[in-house]
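Each remark here refers to the structure printed beneath this line.
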Amino acid sequence: MSPRAVIVGPPGSGKSTVGPLLAAALGVAFRDSDDDIVARTGRSISDIFAEDGEPAFRALEAEAVATALAEHDGVLSLGGGAPLTPGTRARLAEHTVVFLNVGLAAGVQRTGLSSARPLLAGVNPRATFKKLLDERAPVYREVATVEVVTDDRMPAEIVADLAARLAPAEAKE
């Protein structure tokens, strides 16, 4: 079993919006690894970060992603930092990975620099977001088989683009 598509990208790229819509368009189930972590621990992502620290969260995340990759055959959305873990990057090499790319302005607007996003909390969240984009974009590109820029695009437009690109070859003939 293997997911039809694994969605990666920074906060605000549209993973939580595009993921379920893409799953519906492809006629498959949607799953979010962050939701799996919350369900398993009974705690919010921001609480895990605050109480246990990022390394503990990343360990939980790597385990949740490995489980979901093995169990799920629909669309799987990963937390923004999941591909930073070497083991997760290695696992993603076997899958169709969609990188939802978002620029600084659109990402900041979409996230609202929310305090619910632990890595964006701080003195200068805009600078933190830029640093996060600069550091993670090469990692997202490394694991991606498909990249879609989401700036100035409606979710339905992104989903239509992805559904066409992810359709099985026999469906395109």
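The values are calculated or read from the model by the stated rules, or taken from the named source; none is laboratory data. Computed from a predicted model, the values in this text were never measured in an experiment. Here the Cβ is made from the backbone with ideal geometry for all residues, glycine too, and neighbour counts use every protein chain on show. The protein model used for the area step is the full one, side chains on, heavy atoms only, and it has no ligands, DNA or RNA in it. Shrake-Rupley method; radii C 1.70, N 1.55, O 1.52, S 1.80 Å.
A quick yes/no check of all residues on (1) part of a helix (DSSP H, G or I); (2) within 16 Å of the chain's Cα centre (by Cα); (3) under 17 Å from G19 (Cβ atoms):
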position	(1), (2), (3)
I37	yes, yes, yes
A50	yes, no, no
P55	yes, no, no
V65	yes, yes, yes
L69	yes, yes, yes
G79	no, yes, yes
P83	yes, yes, yes
R91	yes, yes, no
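Can you pull out the residues in the range 116-125 that are assigned to a loop (DSSP other than H, G, I, E, B) and either over 18 Å from the mean Cα position of the chain (by Cα) or at pLDDT 85 or above (or both)? Talk me through it step by step, then tell me what you get.
So the first thing to find is which residues in the range 116-125 are assigned to a loop (DSSP other than H, G, I, E, B), and the list is 116-117, 121-124.
Scanning the range 116-125 gives A121, G122, V123, N124.
Does the range 34-57 contain at least one residue that is open to solvent by 40 Å² or more (accessible area, probe 1.4 Å), over 23 Å from E135 (Cα atoms) and hydrophobic (A, V, I, L, M, F, W, C)?
Yes, that holds for at least one residue.
Please specify each residue of the range 64-73 satisfying the condition of being surrounded by fewer than 17 Cβ atoms within 10 Å (Cβ to Cβ) and either of a type outside the set (V, I, T) or touching a Pro at 6+ places or on another chain (Cβ under 6 Å) (or both). Don't jump to the end; show me each part of the working.
Looking only at the range 64-73, we keep the residues that are surrounded by fewer than 17 Cβ atoms within 10 Å (Cβ to Cβ), and these are 66-67, 70-71, 73.
Matches in the range 64-73: A66, A70, E71, D73.
Look at T128 and say whether it is among the polar types (S, T, N, Q) and at pLDDT 90 or above. First the steps, then the outcome.
On the way: among the polar types (S, T, N, Q): yes; at pLDDT 90 or above: no.
In short, no.
Taking the criterion of being out of contact with any strand residue (DSSP E or B) (no Cβ under 9 Å at 6 or more places or on another chain) and more than 29 Å from R153 (Cα to Cα), would at least one residue in the range 1-24 satisfy it?
Within the range 1-24, the subset out of contact with any strand residue (DSSP E or B) (no Cβ under 9 Å at 6 or more places or on another chain) is 1-2, 11-12, 17.
If we keep only those that are more than 29 Å from R153 (Cα to Cα) as well, we get 1.
Checked the range 1-24: at least one residue is out of contact with any strand residue (DSSP E or B) (no Cβ under 9 Å at 6 or more places or on another chain) and more than 29 Å from R153 (Cα to Cα).
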